[in-house]
Amino acid sequence: MKIIKGDLLQLAITGEFDLIVHGCNCFCTMGAGIAKSIKQIFPEAYQADLQTESGDRSKLGKISWASSKTDHGELIIVNGYTQFHWKGSGRKADYDAIRSVFKEIKNNFSGLRIGYPAIGAGLAGGDWTIISQIIEEELLDEDHTFVEYSK
């Protein structure tokens with residue numbers, strides 16, 4: 001895992017990545033955190049989310065995705081269903097779902113330059129030490145970068 005500081009979305013727009021992935025809940029909201037910014041900047045990713053059934057627990061561990069054109073080519077935005085809901089306190093990140101999401105990314109998008117934020121470790125309350133290990137295991141031998149947000 002490469003680690004850099006910056007703005008994942010701006011880096012993606014400028015061609016740093018072929019694919020970005022972020023964590024979503026299963027209720028098609030994309031109303032907070034990086035999901036909210038993705039919804040605004042890449043509305044096609046939100047449209048892909050809306051094509052799934054809101055509140056469907058079976059989405060956990062699955063993905064939806066969209067393609068967006070940038071000045072630097074095609075960018076794939078993956079919505080990874082890593083938590084069921086967003087309400088209440090405590091951990092909402094589902095570690096098994098995170099593992100399944102990254103397994104699916106490797107199976108479907110191997111060979112691409114992949115960027116991601118601290119999926120599941122922000123608003124979802126997960127432990128980044130555990131999550132980053134899951135990502136390392138599932139994206140073994142892939143070109144993937146954790147972008148720690150900074151302006």
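The residue list ALA45, ALA12 contains one member that is on the phi < 0 side of the Ramachandran plot, modelled with pLDDT of 95 or more, surrounded by 15 or more Cβ atoms within 10 Å (Cβ to Cβ) and over 12 Å from the mean Cα position of the chain (by Cα), which is ALA12. Got at least one residue in the range 129-147 being crowded, with 19+ Cβ neighbours inside 10 Å and in contact with an Asp or Glu (Cβ under 6 Å, 6 or more places away or on another chain)? No, the conditions are met nowhere in the range 129-147.
I'd like to check something: does the range 105-118 contain any residue that is more than 13 Å from LEU19 (Cα to Cα) and not charged (D, E, K, R)? Reasoning before the result, please.
Initial filter on the range 105-118 (more than 13 Å from LEU19 (Cα to Cα)): 107, 118.
Add one more test, that the residue is not charged (D, E, K, R), and what stays is 107, 118.
Yes, the range 105-118 contains at least one residue that is more than 13 Å from LEU19 (Cα to Cα) and not charged (D, E, K, R).
Just a yes or no: is a residue in the range 124-144 within 12 Å of the chain's Cα centre (by Cα), closer than 23 Å to ALA32 by Cβ, hydrophobic (A, V, I, L, M, F, W, C) and assigned to a loop (DSSP other than H, G, I, E, B)? For the range 124-144, residues within 12 Å of the chain's Cα centre (by Cα), closer than 23 Å to ALA32 by Cβ, hydrophobic (A, V, I, L, M, F, W, C) and assigned to a loop (DSSP other than H, G, I, E, B): absent. If the condition is being over 24 Å from HIS144 (Cβ atoms) and of a type in the set (S, T, N, Q), then the range 53-82 contributes SER54, SER58.
Look through ALA93, ALA66 and report the one residue that is at pLDDT below 95 and surrounded by 12 or more Cβ atoms within 10 Å (Cβ to Cβ). Steps first, please.
Numbers: ALA66 fails: at pLDDT below 95.
After applying the criteria, what remains is ALA93.
The values are calculated or read from the model by the stated rules, or taken from the named source; none is laboratory data. Here the structure is a predicted model, which is why all the values come from computation and not from measurement. Every residue, glycine among them, receives a Cβ derived from its backbone with ideal geometry; neighbour counts consider all protein chains shown.
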